[in-house]
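I have placed the structure first, in the form of structure tokens, so that the comments after it can refer back to it.
The values are calculated or read from the model by the stated rules, or taken from the named source; none is laboratory data. If you're wondering where the values come from, they're calculated on a predicted model, not measured in any experiment. Heads up, the Cβs are rebuilt from the backbone with ideal geometry, glycines too, and the neighbour counts pull from every protein chain shown. Please note that ligands, DNA and RNA were not included when accessible areas were found on the heavy atoms of the full protein model with its side chains. Shrake-Rupley method; radii C 1.70, N 1.55, O 1.52, S 1.80 Å.
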Amino acid sequence: MGKRNQYGLIGKNIEYSFSRQYFKRRFTTKGDQQSTYENFELNEISEFTKILADNPNLKGLNVTIPYKESIIPYLDDLSTKVLEIGAVNTIRISKKGKLKGYNTDWYGFYKSLKPLLKNKPEKALILGTGGASKAVYYALQKLKIETQFVSRSPEEGVLSYQQLTPAIFKSHLLVINTTPLGTFPDIDQKPDIDYSLFSDQHLAYDLIYNPEISSFLREAQKRGAQIKNGLEMLELQAEKSWSIWNKIVMS
């Protein structure tokens with residue numbers, strides 16, 4: 001048997017992650033017996049160097065919460081989009097061992113959201129300020145949708161959940177949850193906003209895919225909002241990652 005092509009995911013609390021199942025299924029479907037994909041659980045980002053040393057056949061990695069920003073100093077090069085976004089979710093490892101960071105989250109979000117925008121909203125609320133929120137912001141800029149960040153604590157350019165007035169909510173008809181709140185197994189959690197402000201004019205998008213309908217989406221749906229989970233986004237970003245690792249051109 002020839003040299004194996006190894007891929008994987010780095011993150012924290014990733015036992016139930018999408019990526020490992022997705023790529024294992026992909027390899028089986030394609031009859032690819034040379035490629036493997038595994039989870040690398042890191043308690044601290046400093047453990048990343050040991051992962052590289054212990055796995056010399058690594059060709060590529062995905063990066064998830066909470067390391068999409070803290071991984072950047074460990075990389076040799078960054079794509080132009082990463083320089084604009086400020087977060088990495090994909091790493092390509094060259095034959096010489098050089099690490100280049102990319103962001104395919106924005107691509108997955110953009111491609112999955114665009115078909116839903118028959119009546120494009122002028123404004124959007126982004127719940128959360130982590131690495132995933134930066135990719136969402138970048139995609140919304142591409143779509144020319146004005147954005148407002150919202151989080152637990154207010155800061156410059158960021159409203160707190162409690163500062164969301166009915167008027168603000170009514171004028172921002174796209175609401176995206178980029179926080180991990182509500183992810184399995186903690187499925188009852190959700191961002192602390194007033195869900196009664198949702199209407200049948202709203203589109204609620206949750207980057208979470210497990211469960212299929214998060215508490216955030218369920219509460220929005222009760223008020224008539226259109227909903228979308230993050231599964232398609234993840235599939236799209238995963239295929240984009242694969243194309244980067246293997247130098248395949250994708251539109």
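Restricting attention to the stretch 126-162, the residues that are within 16 Å of the chain's Cα centre (by Cα) and either over 17 Å from Leu207 (Cβ atoms) or open to solvent by less than 30 Å² (accessible area, probe 1.4 Å) (or both) add up to 11. Could you check, for the stretch 102-115, whether at least one of its residues is under 22 Å from Ile248 (Cα atoms), assigned to a strand (DSSP E or B) and either without any contact (Cβ under 8 Å) to a residue 12 or more places away in the chain or touching a helix residue (DSSP H, G or I) at 6+ places or on another chain (Cβ under 8 Å) (or both)? Scanning the stretch 102-115, I find at least one residue that is under 22 Å from Ile248 (Cα atoms), assigned to a strand (DSSP E or B) and either without any contact (Cβ under 8 Å) to a residue 12 or more places away in the chain or touching a helix residue (DSSP H, G or I) at 6+ places or on another chain (Cβ under 8 Å) (or both), so the answer is yes.
Evaluating Gly108 against the criteria (1) on the phi < 0 side of the Ramachandran plot; (2) more than 12 Å from the chain's Cα centre (by Cα) leaves one unmet condition, (2).
Comparison of Ser19, Ser46, Ser35 shows that the only residue that is free of Cβ contacts under 8 Å to residues at least 60 places away in the same chain, open to solvent by less than 50 Å² (accessible area, probe 1.4 Å) and hydroxyl-bearing (Ser, Thr, Tyr) is Ser35. When Pro121 is tested against (1) open to solvent by less than 40 Å² (accessible area, probe 1.4 Å); (2) of a type outside the set (Asp, Glu); (3) touching a helix residue (DSSP H, G or I) at 6+ places or on another chain (Cβ under 8 Å); (4) in a loop (DSSP other than H, G, I, E, B), just one condition goes unmet, and that condition is (3). Comparison of Ile187, Ile193 shows that the only residue that is part of a loop (DSSP other than H, G, I, E, B), at negative phi, of a type in the set (Val, Ile, Thr) and open to solvent by 50 Å² or more (accessible area, probe 1.4 Å) is Ile187.
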